[in-house]
Amino acid sequence: MKKRNIMTSLSVAALSLSLLSGVAASADSMSNMHDMSSMKMEKKTTKKSSMKMTKKSAKKNTAKKSTMKMTKKSSKKMNMKHSMMGGMMMDGLEMNMNSKLPKGLKKATHAKFHVGQKVTLKAKHMEGMYNAKATVAGVYKTNLYEIDFMPTNGGKMVKNHKWVVASELKAKGALKAGKKVTVLADHMYDMKGAKGKIVKVHKGPAYVVTFKDTKTKMVIKNHKWLTQQELKAIK
């Protein structure tokens, strides 16, 4: 009897251990499944997050490129608008549209054309000048100089610019062809302070005119300079 009871007890104990092992194994299995599920969830979350970040970055890059394109386009439009409204060009440089009559120059009293006279321009210094109708704004007793000069903006050299007068040039000695000079005129932007040389000397008088551009129809006031030979009286 005692042996039977001992055997029964051992069997029960063994069964209990087996059941406990099974429960532990199931728990481990469930734990592993949970871990794998968590890993899958994390991977999905990371993937979704990465996709969102990629889309967001792509959107930002697209927006940046679009902004750059718009900026370039707007800049181009602004430049075109500026050229149409106020960017009159001469010899590749923008003209100073706020030109005033010179001070300190001796007025010519025996010139062919007088202040207030209507004339036709025969010069081709810039587009829209030839055959334009003009009014003489000033006549001065001074020679005119054709020059080459290097713009202060570092741009291409301007050759055979017509015209400047003696008071608009700085040089040592007499002003004659070949003489190196510093330009003091501001007829155009990036002209004042430029280094250059005299190409040709033309005997005065020197004329300042106000005329209507034949291309743009803009009125250009106090344009400097024209020679007497570049003007024709309107009969």
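The values are calculated or read from the model by the stated rules, or taken from the named source; none is laboratory data. On a predicted model such as this, the values are computed, not experimentally measured, just so you know. Here Cβ is always computed from backbone atoms with ideal geometry, including for glycine, and neighbour counts include all displayed protein chains.
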Tell me whether the stretch 147-154 contains one or more residues that are crowded, with 21+ Cβ neighbours inside 10 Å, under 15 Å from residue 202 (Cα atoms), modelled with pLDDT of 95 or more and not basic (Lys, Arg). yes
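Have a look at 98, 131 and point out the one that is part of a loop (DSSP other than H, G, I, E, B), under 36 Å from the mean Cα position of the chain (by Cα), surrounded by fewer than 18 Cβ atoms within 10 Å (Cβ to Cβ) and on the phi < 0 side of the Ramachandran plot. Give the derivation first.
Numbers: 131 fails: on the phi < 0 side of the Ramachandran plot.
One residue alone meets the criteria, 98.
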Residue pairs qualifying under the 9 Å Cβ cut-off, at least six apart or on distinct chains, with the first in the stretch 186-198 being farther than 15 Å from residue 167 by Cβ and the second being in a strand (DSSP E or B) and among the acidic types (Asp, Glu), are 188/94; 189/94; 190/94; 196/148; 197/148
Exception for residue 217 within (1) part of a loop (DSSP other than H, G, I, E, B); (2) closer than 21 Å to residue 115 by Cα; (3) not aliphatic (A, V, I, L, M) falls at (2)
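So, in the stretch 182-214, how many residues would count as being of a type outside the set (Phe, Trp, Tyr) and not in a strand (DSSP E or B)? I'd like the intermediate steps shown before the answer.
Within the stretch 182-214, the subset of a type outside the set (Phe, Trp, Tyr) is 182-188, 190-206, 208-210, 212-214.
Next cut, not in a strand (DSSP E or B) only: 184-187, 190-194, 203-205, 213-214.
Residues in the stretch 182-214 being of a type outside the set (Phe, Trp, Tyr) and not in a strand (DSSP E or B): 14 in total.
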The correct count of residues that are out of contact with any Ser or Thr (no Cβ under 8 Å at 6 or more places or on another chain) and either among the basic types (Lys, Arg) or not in a strand (DSSP E or B) (or both) in the stretch 142-161 is 9
Contact list, first residue from the stretch 148-175 and more than 19 Å from residue 230 (Cβ to Cβ), second anywhere and of a type in the set (Ser, Thr, Tyr), beta-carbon distance below 6 Å, six or more apart or interchain, is 170/182
Within the stretch 111-140, residues being touching a Leu at 6+ places or on another chain (Cβ under 6 Å) and under 15 Å from residue 222 (Cβ atoms) number 6
